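Asker: My questions all concern the structure below.
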Amino acid sequence: MTMNLARCVGVLASLTVGTGLAEARPLKAVASFTVLADMVRVVGGDKVEVRSLVGPNGDPHTFEPAPDDARALKAADVVFVNGLGLEGWMDRLIVASGYKGTPIVASTGVAPLQMEDDGKVVIDPHAWNSAANGMIYVAVIAKALAAADPEDRAIFETNADRYEAELSHLDAETKAAALGVPVARRKILTTHDALGYFAKAYGIEILAPLGISTEQEPSAATVAALITQIKNDGIKTYFLENSNDPRLIAQIARATGARPGGELYVESLSKPDGPAATYLAMFKWNADLIVKAMSEKN
């Protein structure tokens, strides 16, 4: 009798440990690109395992999913996308993967910017390039993680509150630095039009040969008109982007005499050993480079 009782206790203990391990399994989250994946990682902490479909230095406009991406998507507990038209490939990937859930749109609540691109009015998807919008993303992520894992809601909310405070400080710091530059010098040239939200938030004018997406080539007439405008406006600095082809912007720089201001990370984080391995680091890196370039006297 004693032996049977001991055996039962041992079985119950092993079941309890097994159940605890199952409950402790981190959520499997998939995010469409690195900036969003990092946000999910910060809010989720050690309660979430995050995979980014587009890797470091990758271009979310031209990304082509592989079979391994479909498998990761199907196995995910929660999936995050930017929305606003950024991931044109996501619907096809969802169908191919067999994923049955509904992706969380992290930009929900953002006031979208509209602009003309190749003769059409389109939505600018690059909302994360405003730190204030980044705070909106964080709130959406925290709510979605809490819904998927209610037991850890307090952890997600605490992480989100801390993260939002850091972003609020960065937003104020960037605004003060940018607005400290004379208006006439608050102009730069970038590879493509991915900094519209940054420009609006911090009072900067940004010119670019490519529009919202990197998938289309600008016409010769568009490039010629841009070169003329750069010369007329006295824009002195150009920036490359880590995920884009630098040849076109280099051609325009040669024609205008603009000097290099460095490499910006606007759609993708750097590799872990790079200067923009997290969203916070990316944002500060970009802001510091841009303000420095605009502050330099000719």
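The values are calculated or read from the model by the stated rules, or taken from the named source; none is laboratory data. Note that the coordinates shown come from a computational prediction; the quantities given were computed from them, not determined experimentally. Cβ atoms come from the backbone with ideal geometry, glycine included; neighbour counts cover every protein chain shown.
Asker: Has segment 27-35 got at least one residue that is at pLDDT 50 or above, assigned to a helix (DSSP H, G or I) and under 25 Å from Asp161 (Cβ atoms)?
Answerer: Checked against the condition, which is being at pLDDT 50 or above, assigned to a helix (DSSP H, G or I) and under 25 Å from Asp161 (Cβ atoms), segment 27-35 yields at least one hit.
Asker: Does any residue in segment 173-196 that is aliphatic (A, V, I, L, M) come within less than 7 Å, Cβ to Cβ, of a residue that is surrounded by fewer than 14 Cβ atoms within 10 Å (Cβ to Cβ) and in a loop (DSSP other than H, G, I, E, B) six or more places away or on a different chain, and which pairs are these?
Answerer: These pairs meet every condition: Ala178/Gly203; Leu179/Gly203.
Asker: Within segment 153-168, is even one residue over 30 Å from Asp77 (Cβ atoms) and either modelled with pLDDT under 95 or not in a loop (DSSP other than H, G, I, E, B) (or both)?
Answerer: No, segment 153-168 contains no residue that is over 30 Å from Asp77 (Cβ atoms) and either modelled with pLDDT under 95 or not in a loop (DSSP other than H, G, I, E, B) (or both).
Results for (1) touching a helix residue (DSSP H, G or I) at 6+ places or on another chain (Cβ under 9 Å); (2) among the aliphatic types (A, V, I, L, M); (3) in a helix (DSSP H, G or I); (4) at pLDDT below 70, shown as yes or no for each residue.
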site	(1), (2), (3), (4)
Leu189	yes, yes, no, no
Phe198	yes, no, yes, no
Gln216	no, no, no, yes
Ala221	no, yes, yes, no
Ala225	no, yes, yes, no
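Asker: Let me ask something else. Pairs only if they're at least six apart or on different chains, beta carbon under 7 angstrom, first in segment 113-134 and closer than 22 Å to Thr34 by Cα, second at pLDDT 95 or above and among the acidic types (Asp, Glu); list them, first residue then second.
Answerer: Sorted first by the residue in segment 113-134, then by its partner, the pairs are Ala131/Asp171; Ala132/Asp171.
Asker: A follow-up question, please. Inside segment 227-261, can you point out the residues that are modelled with pLDDT under 70, hydrophobic (A, V, I, L, M, F, W, C) and within 22 Å of the chain's Cα centre (by Cα)?
Answerer: Leu240
Asker: Please pick out the residue among Ser130, Ser97 that is closer than 21 Å to Asp69 by Cβ and crowded, with 17+ Cβ neighbours inside 10 Å.
Answerer: Ser97 is the lone residue from the list that is closer than 21 Å to Asp69 by Cβ and crowded, with 17+ Cβ neighbours inside 10 Å.
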